[in-house]
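So the structure is just underneath, and the comments pick up after that.
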Amino acid sequence: MLKIGVLAMQGDFREHALMLRQVGAEPVEVRTPEDLNQLAGIIMPGGESTAISRVAKATGLFEPLREFCTTYPAWGTCAGAILLAREIEGEAPHLGLMDIRVARNAFGRQIDSFVAPLNIKGLIGAPLEAVFIRAPIIASAGQGVDVLATLEDGRIVAARQGHLLATSFHPELTPDTRLHEYFLDMVRGARLVV
């Protein structure tokens, strides 16, 4: 069974762990550098990216996490996507690994949260119901980045660059497991290459 880490500093890490169990993976809550041992990939959940980054630095996890994500599959959802981004509008990047520029809280405050159906490249079946809560937008993507989903107005909300995946929304807040299955396929593919 694949061991997939879920960064458990803040945010909805328990929901991601539940989804991972549903798709046949073993979730491991990551809070220390030692927790990264034996993992095949990691999910960085929603929450508040600056708070997550600060706690990771205070616990000594930040640099080992960056090193892990340079080699192993990593998926950032909402705040996790901000952590992965090489550029953040108006502030310094955190991990700075994925060639995307993000704008935080692009849709407004908590009260402006919404659900939208998304056709996601690589997912078969009906559109995925995507939950947006104080979500960032992927304002631009570099040449090596594959855009997986956009809103009707063309704004990017899901992208992949090799072993890195970023989504602006919260797939763990719906019963639809397809994106978690997609990430596990990424992990399996990366293991075949290594």
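Things worth noting here:
- The helix-only estimate of mean residue ellipticity at 222 nm for the chain, built from DSSP H runs of length n ≥ 4 each weighted as -39500 (n - 2.57), is -8000 deg cm²/dmol after division by the residue total.
- Spin-label pair L18/D112, simplified geometry with 7 Å Cα→Cβ offset, distance in nm: 2.8
- Nonlocal amide H pairs with E26, under 5 Å, H built at 1.01 Å: L2, K3, I4
- Relative packing of 48-58, 4-14, which averages over residues the other C-beta atoms within 10 Å, highest first: 4-14, 48-58
- Over the chain, relative contact order from alpha-carbon pairs under 8 Å, at least 6 apart, %: 18
- For the range 3-193, size of Cβ-based charge dipole, Lys and Arg +1, Asp and Glu -1, in debye: 180
- Plainly put, the range 77-162 has a radius of gyration that is 0.96 times its Kirkwood radius, both from alpha-carbon atoms, as the Rg/Rh ratio.
- Formal net charge of residues neighbouring D176 (Cβ-Cβ distance under 13 Å; K, R +1; D, E -1): -3
- Two-decimal Rg to Rh for the range 3-193 - Kirkwood Rh, Cα set: 0.92
- Euclidean distance of C-alpha centroids, the range 76-107 and the range 129-194, integer Å: 13
- Cβ-defined net charge surrounding E87, 15 Å radius [Lys, Arg +1; Asp, Glu -1]: 0
- With the simple spin-label model, which puts each label point 7 Å out from Cα in the Cβ direction, the R31 to A139 separation comes to 3.5 nm.
- Equivalent ellipsoid dimensions for the range 124-194 as semi-axes, Å, which come from the Cα gyration tensor, largest first: 21, 17, 10
- Among V157, L20, V131 - extreme Cα towards positive end, dipole of the chain, charges at beta-carbon: L20
- Restriction of the trypsin sites (Lys or Arg not before Pro) in the range 96-191 to DSSP coil positions whose beta-carbon has at most 10 other beta-carbons within 10 angstrom yields R109.
Throughout, read-outs are computed from the coordinates displayed, never taken from laboratory work. Just so it is clear, the structure is predicted and the values come from calculations on it, not from any experiment. Backbone-built Cβ (ideal geometry, glycine too); neighbour counts: all protein chains shown.
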